[in-house]
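The values are calculated or read from the model by the stated rules, or taken from the named source; none is laboratory data. Nothing here was measured: the structure is a model prediction, and the numbers come from that model. When we count neighbours, we look across all protein chains shown, and the Cβ atoms used for this are built from the backbone with ideal geometry, even at glycine.
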Amino acid sequence: MNWRHGQDRLWLAAFWGAGLLILLILGSILSCLLIKGGPALSLDFLTTGPKGTPLGISGGILPCLKGTISLMAIALTAAAFPGIVTAVYLVEFGEHSRLKNIINLTVQCMAGIPSIVTGLFGYALFVVYSGFGISLLAGGLSLGIMVFPVIVVTARDALLGVNPLYRLTGLSLGVSRRYLLVRVILPQALPGILSGLLLAAGYAAGATAPIMVTAAAISAGSSGNLFTPVMALPYHLYILFSQHISLENAYGTALVLVLLLLLLNTTALWLRRIKEKGA
Amino acid sequence: MIRKNRPLREPFGVFCLVIAVGATLTLLAVVLFMLRESLPVWQAYGLSAIIAGTDWSPLTDPPRIGLAPMICSTLWVALGALVLSVPLGFCGAIFLAEFAPAGLAAILRPVLHILTGIPSVVYGFLGAAVLVKFFEVTFDLASGESLFCASLVLTVMVLPYIVVTGEAALRAVPPEYRQAALALGVSKQYMTIKVLLPLAKKGLLGAFILAFGRATGETMAVLMLAGNTLILPSSWFSRGEPLSALIALELGTASAGSTHYQALFAAGLVLLVFVLSINLLLHFSGNHTGVRRREG
């Protein structure tokens with residue numbers, strides 16, 4: 001009996017220990033970023049370009065911020081429409097066909113492709129064959145391929161979450177599927193779909209490996225030209241640290257990147273909450 | 001019942017179908033591109049020479065492109081991360097699903113969510129700036145980078161996935177089992193280990209495979225932590241260069257169409273085939289869980 005009690009206590013300790021250890025690790029990561037990155041953060045840091053030789057030893061990160069936002073915008077522009085339409089097909093028109101299963105499986109597999117392989121594909125297709133060179137456009141399109149499965153899955157779940165009574169009512173009134181979809185179902189699923197787009201944007205903003213081979217440059221003007229290389233936050237962070245340029249600015253860049261992603265992700269969560277309350 | 005009125009007669013349905021199929025073909029295109037770009041080296045060197053070869057010097061004449069050191073490094077790093085993260089992650093999942101007080105769970109869950117959103121380059125940076133420094137100072141090493149370091153950081157990166165998926169698997173066990181076990185007077189710990197874990201086995205296996213896939217394909221963290229040395233790693237604590245890091249580091253300097261370029265695509269193909277087979281495994285094991293649960 002005693003042995004059993006001892007064992008129970010041991011397991012309880014292991015479960016609590018694991019829970020607390022996880023909390024501790026997570027807490028220390030976030031606080032480390034805040035404490036070390038906080039001092040570097042200022043309005044100047046956000047609104048000036050990197051300065052000094054080697055570049056980035058002082059100054060701010062404005063071009064990187066702009067570059068990351070343009071990459072994000074291109075990726076979303078490229079992937080949002082096909083992603084949402086694919087989700088609509090899966091939910092509204094797929095019936096129980098084999099094709100639907102194949103598309104579902106493919107999307108799941110795509111979500112698992114390592115980002116560096118997506119980058120390799122983007123390099124071959126956009127940089128070499130299409131002749132875009134290392135450029136904003138090539139990077140944005142590669143990121144678009146990367147976030148496509150995220151958009152499909154979140155949009156699919158949002159559409160599946162719409163109350164089936166709306167569909168039944170609409171169909172029994174003799175409304176066409178297209179009208180039903182555009183006027184009833186899509187507005188209902190909109191918060192969920194938007195939340196998915198924001199998650200995808202965050203995923204694109206943080207991805208480093210694909211843009212490292214298709215778009216990023218150590219230094220570039222923020223001209224907004226689609227066919228020139230750009231600076232981007234994650235790659236800037238990598239360069240600042242790996243070339244031993246400035247540890248302080250690296251912490252600042254990391255903090256800005258994490259705050260940007262936190263903003264996107266919490267907005268996404270918030271949108272989803274609104275929808276749950278409404279339903 | 002709604003689905004039976006042949007939607008594909010509507011032009012809009014056909015339009016959706018075309019876009020869906022077109023978009024889905026990109027996956028096929030990724031695989032095909034990897035194959036096409038790397039085909040010349042597979043033909044020239046043969047499968048076994050590339051997979052098992054230990055020399056990587058694609059710029060010498062004749063070029064040698066053995067991928068064995070990188071494949072070994074990838075496996076060391078990923079398996080090492082799993083050895084560390086699976087026990088911790090499963091215990092954490094059990095804690096969240098069964099033992100955590102509501103208040104603590106309400107803190108832990110959003111924090112886990114935040115952590116999945118942090119990009120890998122930030123993890124790599126923190127690992128390199130804090131962890132590697134720590135190893136260098138504590139053990140008085142010239143350089144603290146090692147496969148072990150990369151594994152440690154990957155552990156933290158895949159933990160949230162394991163905990164979240166594991167918790168979902170445990171929660172999917174029907175409550176009747178809990179009630180029956182507790183009614184028999186066993187302790188909650190005993191019930192968790194002897195009743196819940198076997199029932200949630202498939203779901204937990206899914207979490208394990210998902211984490212393995214993530215760890216294998218991860219690039220930035222291992223690039224910054226594994227040490228980037230092109231030798232066959234002899235232990236967990238030696239330096240190495242996983243496949244993903246090799247591609248990220250060398251693609252920029254390989255001119256299109258050269259043997260070097262083709263060899264990097266061969267590395268990409270190896271990585272892709274590896275990860276895709278893990279994903280298919282996950283898919284089919286996931287199917288079985290679904291069937292079993294519906295029966296139960």
> Any idea which of B:Ala78, B:Ala49, B:Ala68 is on the phi < 0 side of the Ramachandran plot, surrounded by 14 or more Cβ atoms within 10 Å (Cβ to Cβ), more than 20 Å from the chain's Cα centre (by Cα) and not polar (S, T, N, Q)?
Replying inline: B:Ala49
> Could you list, in sequence order, the residues of segment A:76-99 that are more than 8 Å from chain B (Cβ to nearest Cβ), buried (at least 17 other Cβ atoms within 10 Å of the Cβ) and not aliphatic (A, V, I, L, M)?
Replying inline: A:Gly94
> Here are some residues: B:Leu232, B:Leu197. Which one is in contact with a Pro (Cβ under 7 Å, 6 or more places away or on another chain) and surrounded by fewer than 21 Cβ atoms within 10 Å (Cβ to Cβ)?
Replying inline: B:Leu232
> Within segment A:152-177, how many residues are hydrophobic (A, V, I, L, M, F, W, C) and at the interface with chain B (Cβ under 10 Å from one of its Cβ atoms)?
Replying inline: 3
>> Go through segment B:10-67 and report how many residues are at pLDDT below 85, β-branched (Val, Ile, Thr) and in contact with a Leu (Cβ under 8 Å, 6 or more places away or on another chain).
In response: 5
> What is the one condition in (1) in a helix (DSSP H, G or I); (2) in contact with a helix residue (DSSP H, G or I) (Cβ under 6 Å, 6 or more places away or on another chain) that A:Glu95 does not satisfy?
Replying inline: (1)
> Taking the stated definitions as given, is A:Leu136 in contact with a Pro (Cβ under 8 Å, 6 or more places away or on another chain), modelled with pLDDT of 90 or more and more than 10 Å from chain B (Cβ to nearest Cβ)?
Replying inline: no
> Is there a residue in segment B:87-103 that is within 17 Å of the chain's Cα centre (by Cα) and without any contact (Cβ under 8 Å) to a residue 60 or more places away in the chain?
Replying inline: yes
> Only one of these conditions is not met by B:Trp56: (1) without any contact (Cβ under 8 Å) to a residue 40 or more places away in the chain; (2) away from chain A (no Cβ under 14 Å). Which number is it?
Replying inline: (1)
> Would you say A:Ala220 is in contact with a strand residue (DSSP E or B) (Cβ under 7 Å, 6 or more places away or on another chain) and either under 22 Å from A:Val150 (Cα atoms) or buried (at least 23 other Cβ atoms within 10 Å of the Cβ) (or both)?
Replying inline: no
>> Out of the residues in segment A:51-75 meeting the condition of being hydroxyl-bearing (Ser, Thr, Tyr) and surrounded by fewer than 22 Cβ atoms within 10 Å (Cβ to Cβ), tell me which one is nearest to A:Val182 (Cα to Cα).
In response: A:Ser70
